[in-house]
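Chemist: Take a look at this one; I'll ask things after.
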Amino acid sequence: MSDPVLELLQKQGLGYQVSGRDYLIRCLNPEHDDSNPSFRVDRVTGVAHCFSCGFKTNIFKFYGVFTNPVPIKIAKLKEKLAELKTNHLGLELPNGYTPYTKSFRGISAKTLKWFGAFYTNQVEKLQDRIVFPIKDITGKTVVFVARHTLSNGNPRYVNYPSGVKMPLYPTYLPSGYKSMVLVEGIFDMLNLYDKGLENVVACFGTNTLQNDTKQKLLPFKAQGITHVYIMFDGDEAGRKAAQTLKPLVEEDGFVVEIVNLNDDTDPGELDQDDVNSIKEYINK
Ligand SMILES: [Zn+2]
């Protein structure tokens, strides 16, 4: 793991001490004769501040160094993870849960297994449903998303427990991808994944990513994703939501493209040929 701040200090021949989250060095302000180092440099971001003379800078900027933001993002993500892990227990799978071993609505047993699908008759709200444990960036389950196994089952989806802030899911993509496809629902994601488009992420409804956009996209930025394709449902709500979301994701530094589907077509209904052409287009 590279450490750009430390590398820069060493390259500039600056003496330092480690002090909590900072490096302590002699002040870089030429007007401050700093005999007792009081200049703190954040070990991750390079943001620096002298507590004696008040001089503020970022050491990368100070030395005119262009920085690749990805290692900084990764370091920030790791900090965030460590912080989250300490106060986050995660949900346990219900007692007596049974892993799903068959296919369901055209999604192969293999894909369902990969995403941890199960059923249970121990939790009333999850009965008669195919259930998916939804994990956040810590790898712990934060909510169960359960789809009724009957096509006329009501409600079709249950989030259990209710009221949980939905993460993007999955949070980790197979390595090497520069782009990802954002879809509305878990079965949209499952269908594309099942047909070979692995860099697909569900945002659980059209509006959830409009809140905490930066926070939710951070893990993907840290994984090196630079392009986001928004592929919401081919209806008015989906198109409107995609237009609203696009500038928010762009603001966070991604290149964003909206993929418009035909009227009344969901990504969950696309067939193998459709998925092949989308895959070819986005991984070009
Ligand atoms: Zn100073």
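Chemist: Taking square-rooted eigenvalues a ≥ b ≥ c of the alpha carbon gyration tensor, is region 185-276 rounded, prolate or oblate, where a/c under 1.5 means rounded and, failing that, a/b exceeding b/c means prolate?
Modeler: Because a/c hits 1.5 or more and a/b fails to exceed b/c, region 185-276 counts as oblate.
Chemist: Show me the ranking of peptides 51-59, 212-220 by mean Cβ neighbours inside 10 Å, starting with the highest.
Modeler: So the order, starting with the most tightly packed, is 212-220, 51-59.
Chemist: So, one more: Take every Cα pair under 8 Å in region 163-284 that's 6+ residues apart, average their separations, divide by the length, and report that relative contact order as a whole percent. Walk me through the numbers before you get to the answer.
Modeler: On the way: 205 pairs, mean separation 36.5, N = 122.
Reported relative contact order: 30 percent.
Chemist: Continuing with this model, one more query. Placing +1 at every Lys and Arg Cβ and -1 at every Asp and Glu Cβ, with all other atoms neutral, what dipole size does the chain have around its Cα centre, in debye to the nearest 20?
Modeler: 840
Chemist: If a/c stays under 1.5 just call it rounded; otherwise compare a/b with b/c (prolate if a/b is bigger, oblate if not). Do that for region 194-233, with a ≥ b ≥ c from the square roots of the Cα gyration tensor eigenvalues. Write out the running numbers ahead of the final one.
Modeler: Details: a/c = 2.16, a/b = 1.11, b/c = 1.94.
Because a/c hits 1.5 or more and a/b fails to exceed b/c, region 194-233 counts as oblate.
Chemist: So, one more: Given a 1.4 Å probe and every protein chain left where it sits, what share in percent of the accessible area of region 163-232 is carbon and sulfur?
Modeler: Taking all protein chains in place, region 163-232 shows 51 percent carbon and sulfur surface.
Chemist: Need one word for region 137-202: rounded, prolate or oblate. Basis is the Cα gyration tensor (sqrt eigenvalues a ≥ b ≥ c); a/c below 1.5 gives rounded, then a/b vs b/c decides.
Modeler: oblate
Chemist: Another question about this same structure. Sorted by mean Cβ packing within 10 Å, highest first, what order do the peptides 235-246, 94-105 take?
Modeler: With the highest mean Cβ count within 10 Å placed first, the list reads 235-246, 94-105.
Chemist: Solvent-accessible area per residue for the chain at a 1.4 Å probe radius, Å²?
Modeler: I get 54 Å² per residue for this part.
Chemist: Relative to the longest principal axis of the chain, what angle (0 to 90°, nearest 10) does the C-alpha long axis of helix 272-282 take?
Modeler: Once rounded, one gets 20 degrees.
Chemist: Helix 213-222: angle to the longest alpha-carbon principal axis of the chain, degrees 0 to 90, nearest 10?
Modeler: 80
Chemist: Compute the Rg/Rh shape ratio of region 75-149: radius of gyration over Kirkwood radius, all on alpha-carbon atoms.
Modeler: On the way: Rg = 14.5 Å, Rh = 13.6 Å.
My calculation of the ratio gives 1.07.
Chemist: So how exposed is S175, as accessible area in Å² (1.4 Å probe, rounded to 10)?
Modeler: Rounded to the nearest 10, the figure is 110 Å².
The values are calculated or read from the model by the stated rules, or taken from the named source; none is laboratory data. Just so it is clear, the structure is predicted and the values come from calculations on it, not from any experiment. Please note: Cβ atoms are built from the backbone with ideal geometry, for glycine as well, and neighbour counts cover all protein chains shown. For accessibility, only protein heavy atoms count, side chains too; no ligands or nucleic acids. Shrake-Rupley method; radii C 1.70, N 1.55, O 1.52, S 1.80 Å.
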